[in-house]
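This report refers to the structure that appears directly beneath it.
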Amino acid sequence: MRVQKRDGRIVGYDAYKIAAAIQKANVEVTPSQKANEELINEAIENVEKTTGDVIPVETIQDIIEKTLVGHNKYVLAKKYIIYRYQRSLLRKSNTTDESILKLIRNENKELAEENSNKNTVHASTQRDYIAGEVSRDVTKRLLLPEHIALAHENGILHFHDADYFIQPIFNCCLINIKDMLENGTVMNGKMIETPKSFQVACTVTTQIIAAVASNQYGGQSVNVAHLGKYLRVSRDKFIKEAKAKFGDSLDDEAVEKIVEMRVDDELKSGVQTIQYQINTLMTTNGQSPFVTLFLYIDEDDEYVEENVRIIEEILRQRLEGIKNEQGVYVTPAFPKLVYVLDENNCLKGGKYDYVTKLAVKCSAKRMYPDYISAKKMRENYEGNVFSPMGCRSFLAPWKDENGEYKWEGRFNQGVVSINLPQMGIIAKGDMDKFWKMFDERLQLCYEALMCRHKALEGTLSDVSPIHWQYGAIARLGKGEKIDKYLHGGYSSISLGYIGLYELTYLMTGESQTHGKGKEFALKVMNHMRDKVNEWKKETGIGFALYGTPAETLCYRFAKIDHEKYGIIENVTDKGYYTNSYHVDVREKINAFDKFDIENEFQSISLGGAISYVEIPNMQNNLPALETLVKYIYDNIQYGEFNTKSDYCQQCGFDGEIIINDDLEWECPQCHNKDHNKLSVTRRTCGYLGENFWNTGKTMEIKSRVLHL
């Protein structure tokens with residue numbers, strides 16, 4: 001016999017737990033009311049007489065109560081009922097006090113590591129985190145079904161962004177910046193009309209970004225192509241002013257030089273406004289807006305030449321960096337940049353190859369931009385090329401009432417991720433057991449995702465006017481519900497997944513890179529895709545399979561499973577799980593093979609697909625990067641580069657940060673030891689948990705040693 005727990009898990013039956021529960025109640029009653037060993041055994045026997053392979057834990061407890069009452073042990077039965085009730089209350093008790101106090105004292109390591117873009121020392125960030133802890137507590141105790149909350153706690157699934165679930169707000173979006181610039185918008189009750197210059201368009205864009213970011217919890221993306229129109233507006237204005245001022249005293253060539261000089265100045269100032277505003281504005285959640293700029297040279301756009309100039313300037317300024325408080329140029333975290341490779345710029349003799357060469361140079365020094373292949377996107381999304389949302393998830397194709405594809409002004413309702421390795425640990429290679437468990441847990445994920453959807457239903461547009469009334473998503477009336485945008489595939493809702501690599505190893509003993517391991521991994525991916533398609537068909541909601549870049553979750557799932565199941569070679573011993581469908585970094589394959597292998601998984605995971613390769617010494621390896629960029633265009637939808645990259649923000653040193661005799665990070669140039677001013681990246685394994693130094697002065701992670 002097996003037992004179904006409250007969180008939906010199926011576990012082995014254990015008679016000892018029944019005896020222990022009755023004994024705890026025995027302590028609370030007089031001798032005449034105590035259950036002797038014979039009565040306890042009778043209760044256990046009554047449970048074991050129950051027919052069926054699986055028995056709910058509530059049924060077991062009901063049988064015990066009935067047995068006790070049948071022997072006139074009314075007080076004992078009452079104590080047992082109270083014990084059950086207290087256990088239930090314990091699961092629902094307040095969990096915020098200690099976490100909030102630790103946050104205020106800056107002792108909450110989990111929160112400090114959760115988001116590298118948020119400084120938990122700052123008052124504004126603490127205010128958001130305090131509200132978030134309250135939301136998590138209410139979500140767990142009151143808003144989520146108990147079996148979903150317990151599934152989250154046990155690492156069966158991850159209910160993302162529970163710290164915002166108490167509010168009727170969504171995850172991430174593609175801002176409809178074109179509509180907002182052309183038709184105006186409203187912020188803080190003030191009308192913002194169509195910009196009359198490029199500089200003003202850039203300023204308004206950043207104000208929109210900040211307002212949007214403050215009223216949702218995920219990232220947002222902006223297509224900079226919509227700014228090209230306003231660069232031409234500025235140019236036309238400068239021509240008109242020059243002719244009015246100089247008349248016939250200057251020939252056309254001289255006027256053109258003056259105009260070009262003013263356009264260049266306007267371009268630099270406008271792009272600088274975007275970069276500095278995004279990095280200096282603070283949203284209401286205590287961080288810079290999590291924004292992605294989409295850089296796409298579309299020759300069908302009438303403003304393509306203006307767009308090329310804007311993209312060049314964005315890349316130049318990102319390459320230069322931004323000065324920190326010491327006046328040293330550093331790499332800003334935002335905006336994220338996504339650069340599209342097409343026939344005209346894929347380094348095969350295209351008209352705009354020179355822009356791509358600048359992008360590669362920027363990637364080598366600043367880690368961005370990432371790269372999208374227009375060729376592969378068209379294969380996967382019905383001939384379309386469009387931006388990922390700020391969180392790098394992708395929308396499914398959707399057409400409006402005129403049969404036109406629409407991308408901007410759409411959004412993601414939320415994410416729930418499944419822990420794949422945990423099922424492999426439990427199944428121990430038993431395929432029948434795994435596939436049965438897989439379907440049970442996918443059903444749990446579906447229920448959790450529907451909680452997200454239901455929480456948004458009935459939301460009024462007034463909750464965020466910038467989104468729903470003034471163009472970022474829609475232009476609804478005051479008091480109008482947003483429901484029509486939650487159905488019919490207009491918005492997406494995402495099933496994420498972690499640890500395909502570890503699951504494959506556990507179930508087949510092989511990697512997903514070849515043979516039966518690859519066959520199994522693809523079967524798992526296709527099963528998840530089929531499930532989300534099934535849910536989409538049944539509900540009309542835009543379910544999607546999302547290869548999330550959730551590095552922190554890779555650590556959380558691994559930590560939970562390590563504590564539950566101990567050290568398992570190549571699984572829990574690493575301290576992290578491999579992200580989504582990615583091949584583990586310890587696999588000895590080159591960058592090209594890694595892209596080839598992961599491309600097969602990307603084409604299944606169309607709600608979100610990102611792959612990366614690690615390139616040593618990138619700044620001095622531009623030819624290799626250019627070769628990889630060419631390869632991305634032909635072979636994979638979304639690729640990015642990582643490297644070992646150390647930096648001292650105090651003096652600008654850009655090399656390898658050393659470890660001194662006191663086992664502290666130290667800049668070899670200015671001897672700065674302040675970890676808040678040292679950017680130290682070690683991507684050997686991807687582990688993001690708590691590290692420690694052993695006596696050999698190497699960083700040790702669980703059972704594995706990293707030599708730095």
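On the given criteria, is I192 closer than 16 Å to R452 by Cβ, modelled with pLDDT of 90 or more and surrounded by fewer than 22 Cβ atoms within 10 Å (Cβ to Cβ)?
Values: closer than 16 Å to R452 by Cβ: no; modelled with pLDDT of 90 or more: yes; surrounded by fewer than 22 Cβ atoms within 10 Å (Cβ to Cβ): yes.
So I192 fails the test.
Looking for something touching a Cys at 6+ places or on another chain (Cβ under 8 Å), at pLDDT 95 or above, crowded, with 24+ Cβ neighbours inside 10 Å and among the aliphatic types (A, V, I, L, M) - is there at least one such residue anywhere in segment 355-363?
The answer is no; no qualifying residue exists.
Would you check which residues across segment 164-185 are modelled with pLDDT of 95 or more and aliphatic (A, V, I, L, M) and list them?
The answer is L174, I175, I177, M180, L181.
For segment 133-155, give me the residue count where each residue is of a type outside the set (A, V, I, L, M, F, W, C) and over 17 Å from A455 (Cα atoms).
Kept after step one, since they are of a type outside the set (A, V, I, L, M, F, W, C), are these residues of segment 133-155: 133, 135-137, 139-141, 145-147, 152-155.
Pick out the ones that are also over 17 Å from A455 (Cα atoms) and you get 133, 147, 152-155.
So the count comes out to 6.
When you go through (1) at pLDDT below 95; (2) outside any helix (DSSP H, G or I) one by one for D573, which number turns out not to apply?
So the condition that D573 fails would be (2).
For segment 580-608, give me the residue count where each residue is of a type in the set (G, A, S), within 24 Å of F557 (Cα to Cα) and at pLDDT below 90. It would help to see each step written out before you state the result.
Restricting attention to segment 580-608, the residues satisfying the condition of being of a type in the set (G, A, S) are 580, 591, 603, 605, 607-608.
Next, only the ones that are within 24 Å of F557 (Cα to Cα) stay: 580, 605, 607-608.
Adding the requirement that they be at pLDDT below 90 leaves none.
Counting residues in segment 580-608 that are of a type in the set (G, A, S), within 24 Å of F557 (Cα to Cα) and at pLDDT below 90 gives 0.
All but one of (1) without any contact (Cβ under 8 Å) to a residue 40 or more places away in the chain; (2) crowded, with 18+ Cβ neighbours inside 10 Å hold for Y368; which doesn't?
(1)
Look through segment 627-645, keep the residues that are among the charged types (D, E, K, R) and surrounded by fewer than 18 Cβ atoms within 10 Å (Cβ to Cβ), and return whichever of them is modelled with the lowest pLDDT. Give the steps one after another, and end with the answer.
To start, the set of residues in segment 627-645 that are among the charged types (D, E, K, R) comprises 630, 634, 640, 644.
Applying the additional criterion that residues be surrounded by fewer than 18 Cβ atoms within 10 Å (Cβ to Cβ) yields 630, 634, 644.
Details: K630: 95, D634: 95, K644: 58.
That would be K644.
Of the conditions (1) open to solvent by 10 Å² or more (accessible area, probe 1.4 Å); (2) in contact (Cβ under 8 Å) with a residue 60 or more places away in the chain; (3) in a helix (DSSP H, G or I), D432 satisfies every one except a single condition; which number is it?
Of everything listed in (1) open to solvent by 10 Å² or more (accessible area, probe 1.4 Å); (2) in contact (Cβ under 8 Å) with a residue 60 or more places away in the chain; (3) in a helix (DSSP H, G or I), D432 misses just condition (2).
In segment 221-237, which residues are under 25 Å from N171 (Cα atoms) and either more than 34 Å from the chain's Cα centre (by Cα) or in a strand (DSSP E or B) (or both)?
Within segment 221-237, S221, V222, N223 meet the criteria.
Which pairs do you get when a residue that is open to solvent by 40 Å² or more (accessible area, probe 1.4 Å), found in segment 317-333, comes within reach of a residue that is of a type in the set (S, T, Y), reach meaning Cβ atoms under 9 angstrom, with the pair 6+ apart or on two chains?
E320/Y329; K323/Y329; T331/Y368; T331/S645; T331/Y647; T331/S679; A333/S116; A333/S288
Quick one: what pairs do we get from segment 349-364, first residue at negative phi, second among the β-branched types (V, I, T), C-beta under 6 Å, 6+ apart or different chains?
Between residues of segment 349-364 that are at negative phi and residues that are among the β-branched types (V, I, T), the close pairs are Y352/I297; V360/V629.
Report whether or not F557 is open to solvent by less than 30 Å² (accessible area, probe 1.4 Å), over 17 Å from N419 (Cα atoms) and not acidic (D, E). So that I can check it myself, show each step before the final result.
Values: open to solvent by less than 30 Å² (accessible area, probe 1.4 Å): yes; over 17 Å from N419 (Cα atoms): no; not acidic (D, E): yes.
No; evaluated as a whole, the condition is false for this residue.
Can you name the residue in segment 36-53 that is farther than 20 Å from N26 by Cα and surrounded by fewer than 11 Cβ atoms within 10 Å (Cβ to Cβ) and, of all such residues, is nearest to the chain's Cα centre (by Cα)?
At the first step, the residues of segment 36-53 found to be farther than 20 Å from N26 by Cα are 48-53.
If we keep only those that are surrounded by fewer than 11 Cβ atoms within 10 Å (Cβ to Cβ) too, we end up with 49, 51-53.
Numbers: K49: 48, T51: 45, G52: 42, D53: 39 Å.
It comes out as D53.
Answer yes if at least one residue in segment 214-233 is touching a residue at least 60 places away in the same chain (Cβ under 8 Å), touching a strand residue (DSSP E or B) at 6+ places or on another chain (Cβ under 9 Å) and open to solvent by 20 Å² or more (accessible area, probe 1.4 Å), and no otherwise.
For segment 214-233, residues touching a residue at least 60 places away in the same chain (Cβ under 8 Å), touching a strand residue (DSSP E or B) at 6+ places or on another chain (Cβ under 9 Å) and open to solvent by 20 Å² or more (accessible area, probe 1.4 Å): present.
The values are calculated or read from the model by the stated rules, or taken from the named source; none is laboratory data. These numbers come from a predicted model, not from an experiment. Cβ: placed from backbone, ideal geometry, glycine included. Neighbour counts: every protein chain shown. Surface areas here come from the heavy atoms of the whole protein model, side chains and all, with no ligands, DNA or RNA. Shrake-Rupley method; radii C 1.70, N 1.55, O 1.52, S 1.80 Å.
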